[in-house]
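Comments concern the structure below.
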Amino acid sequence: MTVEKQQPHQTRNYEFYSAQYARFRSNLAADIRREAYGKDLGQQGWRTLGEQEEIINLVNERPQGRLLDVACGSGGPSIAIAATTGGRLTGVDIEEAAIEQARILAADAHLPDKATFLVADCSQPLPFGPGEFDVISCIDAIIHLTDRRTVFADWFRLLAPGGRLILADACVLTGDISKEELDIRASQGKFHLVPAGFNEGMLEGAGFELRSCKDTTDAVASLAMRLCRARESRRDALLEEEDAIWFENRQAFLATTAELAATARLSRFLYVAEKPQS
Ligand SMILES: C[S@@+](CC[C@H](N)C(=O)[O-])C[C@H]1O[C@@H](n2cnc3c(N)ncnc32)[C@H](O)[C@@H]1O
């Protein structure tokens, strides 16, 4: 009997965020965001313009509106929120290049005194005092943070009584996924997949009261497909900025993400939770 020699397994894990933020301000990157999202806010995940409006309203309802954006990326979406609500903004991200972008965008928006950005690992307790914030947002980044119990407990500490948490998790398991699909979907940095109902239990365990939980999976399906198409139509130009492997990995990531969302096997939920007044 002959046994076929197995090809070595190809892991598709690749340095995503540092490369992405290094090119973030290029005209090409901005054009792609404009085409896919409808407006370039410097967004990076699955936040539609409609959801951005919802978040603005949720922040506006909290007196003072001191906002902490956890894993803020380029800071663009939260700078737009602070510019509308007039509240103070603090943004934290692990990527230095992202925080550099955020500082530039805050200066462009004439918000340098009202917006502070710092580099930190948001899986660790953050360097702020108890009750310093009225709202904490974490949009499409919880999948990269380790140990949700510690993270949620820290957010609870940082919020003032009555403070609000706005959390989007795009990787809640609601169906079956093959290892090949998972390898591609999990190829951009640390990846934590949770079963349906897990976030609700962890939030309540940390002391939060869950106010709402909205299924926003359709937005992932359509934004991932729009990003994939916007990039494909600029293939030649992108290949001058990105190497071919990076380009193909990103396209595979977007196509797989769109497929997993369109078939509701991996879902995104937007949770709103509050710290009780007492
Ligand atoms: C999908 S992006 C979302 C960015 C932003 N929240 C938005 O809505 O556009 C995920 C972000 O998580 C950040 N990130 C990943 N691991 C992190 C960590 N351990 N601590 C802080 N930020 C982290 C990445 O650098 C990236 O900016």
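A few remarks follow.
- At a probe radius of 1.4 angstrom, the accessible area of the range 18-84 per residue rounds to 39 square angstrom.
- Segment Cys213-Ala120, extension gain: residue separation times 0.36 nm, minus the distance between their alpha carbons: 30.7 nm
- 0 to 90° range, to nearest 10: angle between helix 27-37 axis and the chain longest Cα axis: 80
- The range 142-233 - charge dipole about Cα centre, Lys and Arg +1 at Cβ, Asp and Glu -1, debye rounded to 20: 340
- Carbon plus sulfur fraction of accessible area for the range 8-274, probe 1.4 Å, in percent: 52
- Expressed per residue, the C-alpha convex hull volume of the range 101-225 stands at 144 Å³.
- Overall size of the range 169-212 from C-alpha positions, given as principal axis extents largest first: 37, 22, 15 Å.
- Net dipole in debye of the range 10-169 [+1 Lys, Arg Cβ; -1 Asp, Glu Cβ; about Cα centre; nearest 20]: 120
- Distance histogram in 5 Å bins (all Cα pairs of the range 15-155, percent per bin): 2, 10, 20, 24, 23, 14, 5, 2, 0
- Counting charges near Ile32 (Lys, Arg +1; Asp, Glu -1) among other residues having Cβ under 12 Å from its Cβ returns a value of +3.
- Accessible area (Å², per residue) of the range 95-184, counting only protein heavy atoms and a probe of 1.4 Å: 41
- Span per principal axis, largest first, for the Cα atoms of the range 20-69 (Å): 39, 21, 14
- The Cα center of the range 35-72 and the Cα center of the range 195-217 differ in position by 19 Å.
- For the chain, the relative contact order is 21 percent, taking Cα pairs closer than 8 Å that sit 6 or more residues apart in sequence and dividing their mean separation by the residue count.
- Projected-area mean, the range 236-278, by convex hull of Cα positions, square nanometres: 5.8
- Each helix, a run of at least 4 DSSP H residues, gives -39500 (n - 2.57); summed and divided by the residues of the chain, these come to -13000 deg cm²/dmol at 222 nm.
- Beta bridges assigned by DSSP with both partners in the chain are antiparallel in approximately 40 percent of cases.
- For the range 137-160 versus the range 226-272, the inter-centroid distance based on Cα atoms is 26 Å.
- Shape of the range 34-104, Cα gyration tensor, a/c cut at 1.5: oblate
- Here the range 8-274 is treated with +1 on each Lys and Arg Cβ and -1 on each Asp and Glu Cβ, and its dipole about the Cα centre works out to around 280 debye.
- Heavy-atom accessible area ranking, 1.4 Å probe, most first, across Val119, Val92: Val119, Val92
- For the range 8-274: rounded, prolate or oblate by the Cα gyration tensor [a/c cutoff 1.5]: oblate
The values are calculated or read from the model by the stated rules, or taken from the named source; none is laboratory data. Since the model is a prediction, treat every value here as computed from it, not as a measurement. Cβ coordinates were reconstructed from backbone atoms using ideal geometry, including for glycine residues, and neighbour counts include every protein chain displayed. Areas reflect the complete protein model, heavy atoms only, side chains present, ligands, DNA and RNA absent. Shrake-Rupley method; radii C 1.70, N 1.55, O 1.52, S 1.80 Å.
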